[in-house]
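Notes follow the structure.
Here, each number is a calculation from the coordinates, and none is a lab measurement. If you're wondering where the values come from, they're calculated on a predicted model, not measured in any experiment. Note that each Cβ is placed from the backbone with ideal geometry, even for glycine, and that neighbours are counted across all protein chains shown.
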Amino acid sequence: MEYPSKRIEDAVNELSNLPGIGKKTALRLALHILKQPETAAQQLGQALIEMRTNISYCKVCHNISDDDICHICSHPRRNKGLVCVVEDTKDVMALESTHQYHGVYHVLGGLINPLQGIGPSMLNIDSLVERVVAGEIEEVIFAFTSNIEGDTTAFYLSKKLAPHDVKVSSIARGIPVGTDLEFTDEVTLARSIVNRVQLTSNPNP
């Protein structure tokens, strides 16, 4: 594609690096930004820079936060004995939108995926075990996407937590296999968290 300006081409190339954004969509976005007042483009750029530079992660659950402790972990009415383990922040947002879960979270930062070189040591697993060992947690809920990576991670964590006196469960499989939590409708997601099932490390209970 021929671009009328090298600056337009550079903007399109950068925008097209975003997930789900192709060259045509990137061009539309670039031209849209170009039509906006200069202050609007500056505010967009500044917001992105501020997000990337200054955002932090909760020291307890690893969720994205503006403070050392996120607003969920610090909320006095959240059930600190109930921890929902998720892959990423987007899953926290999806579950929170159901208004059916009132515990706290633990964000792993990914799922075990040997094919992509992601092993347990690269995830926030040790800190989860430390939270369980501390003794306040009564139940750990796994809320992972229904695929081989999610199942592998759930199995690994259930074995890791087996020596400790804590109930381990998983959200009910009302979510279609291969569907990301962020794309699941709120009703299905709410039913899944309410109708979670207990897991066991024993393959023959």
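Among DSSP beta bridges whose residues both lie in the chain, state the antiparallel percentage, nearest 5. Numbers along the way, then the final one.
Numbers: 5 of 19 bridges.
Given both bridge residues lie in the chain, the antiparallel proportion sits at roughly 25 percent.
Could you list which residues have their amide H under 5 Å from that of Tyr57, counting only those 5 or more apart in sequence or on another chain, with H placed in the peptide plane?
Residues meeting the criterion, in which the H sits 1.01 Å from N, are Ser65.
Please arrange Arg78, Arg52, Arg7 by counting, for each residue, the other beta carbons lying within 10 Å of its beta carbon, fewest first. Please list the in-between numbers first.
Values: Arg78 16, Arg52 8, Arg7 11.
Ascending Cβ contact count within 10 Å gives the list Arg52, Arg7, Arg78.
Relative to the Cα centre, what is the charge dipole magnitude of the range 60-198, using +1 at the beta carbon of each Lys and Arg, -1 at the beta carbon of each Asp and Glu, and rounding to the nearest 20 debye?
Numbers: 11 positive and 19 negative charges, 97 e Å.
Charge dipole of the range 60-198: 460 debye, to the nearest 20.
Hey, fewest Cβ within 10 Å first, where do Lys23, Lys35, Lys90 land in order? Write out the running numbers ahead of the final one.
On the way: Lys23 12, Lys35 8, Lys90 15.
In order of increasing Cβ crowding within 10 Å: Lys35, Lys23, Lys90.
Non-local amide H neighbours of Phe142 (under 5 Å, H modeled in plane, Pro and chain starts lacking H): which ones?
Val85, Ser169, Ser170, Ile171
Identify which of Thr53, Thr184, Thr25 has the largest mean-square fluctuation in a Gaussian network model of the chain, with springs joining Cα atoms closer than 10 Å.
Ranking Thr53, Thr184, Thr25 by mean-square fluctuation puts Thr25 first.
Kindly write out, for the range 120-129 in residue order, the coupling ³J(HN,Hα) from the Karplus curve 6.51 cos²θ - 1.76 cosθ + 1.60 (θ = phi - 60°), rounded to whole Hz, with x marking Gly and Pro.
Along the range 120-129, the couplings run x, 5, 8, 10, 7, 8, 4, 5, 5, 4 Hz.
Arranged by the count of other C-beta atoms within 10 angstrom, fewest first, what order do Met93, Met51 take?
Working: Met93 14, Met51 10.
Neighbour counts put them in this order, fewest first: Met51, Met93.
For a quick check, take a GNM of the chain with Cα springs below 10 Å and name the residue from Gly178, Gly150, Gly22 with the largest mean-square fluctuation.
Gly22
Using helices alone, what [θ] at 222 nm do you get for the chain, with -39,500 (n - 2.57) per DSSP H run of 4 or more residues, divided over all residues and rounded to the nearest 500?
Numbers: 7 runs with 79 residues, N = 205.
When only DSSP H runs of four or more count, the value is -12000 deg cm²/dmol.
Across the range 104-116, in residue order, what do the Karplus-derived ³J(HN,Hα) couplings come to in whole Hz, using 6.51 cos²θ - 1.76 cosθ + 1.60 with θ = phi - 60° and x for Gly and Pro?
10, 10, 9, 9, 6, x, x, 10, 4, 8, x, 5, 9
Could you let me know the centre-to-centre spacing of the range 113-188 and the range 59-98, using Cα atoms, in angstrom?
One Cα centre to the other: 15 Å.
When the Karplus curve 6.51 cos²θ - 1.76 cosθ + 1.60 is applied with θ = phi - 60°, which whole-Hz ³J(HN,Hα) does each residue of the range 33-41 get, with x for Gly and Pro?
The phi angles translate into 4, 5, 7, 7, x, 4, 5, 5, 5 Hz.
Taking only Cα atoms and a 10 Å spring cutoff, compute GNM fluctuations for the chain and point out the largest among Ala94, Ala143, Ala47.
Sorting by GNM fluctuation, first place goes to Ala47.
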